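First comes the structure, then the notes that go with it.
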């Protein structure tokens, strides 16, 4: 029990340090922090999807032990789709955030290029 308290407190301190670094004026740190948050959320999402699919596998195996197999399988699939729907929506939201982050990075690279080109032209 004491180990878990230490681990959670250390994780909280690390998270606070990461968010403090992300709140600085350096946009690269905020982009890096956002990308790492997106990746962490993707891992959690994949784990939740795996749990739902494992539950479906167990339910479908149990269906084969019943007399009304097709109805049981239909209900198991229906439950799987209902459980996966919010997870799919969260994944879509993560994809939107990741695309927006990539677009910001692309815009930053383009603006850096134009600054370099204008400096090269200004100094003969």
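Each Cα pair under 8 Å and six or more residues apart adds its sequence gap; the mean of these over the residue count of segment 31-122 is a relative contact order of 36 percent. Cα gyration tensor of segment 39-124, axes a ≥ b ≥ c as square roots of the eigenvalues: rounded (a/c below 1.5), prolate (a/b > b/c) or oblate? It comes out prolate by the Cα gyration axes. Remark: 109, 97 ranked as 109, 97, counting other beta-carbon atoms within 10 Å and listing the fewest first.
A short reminder: the numbers here are calculations on the coordinates, not readings from a lab. Computed from a predicted structure; not experimentally measured. Cβ coordinates were reconstructed from backbone atoms using ideal geometry, including for glycine residues, and neighbour counts include every protein chain displayed.
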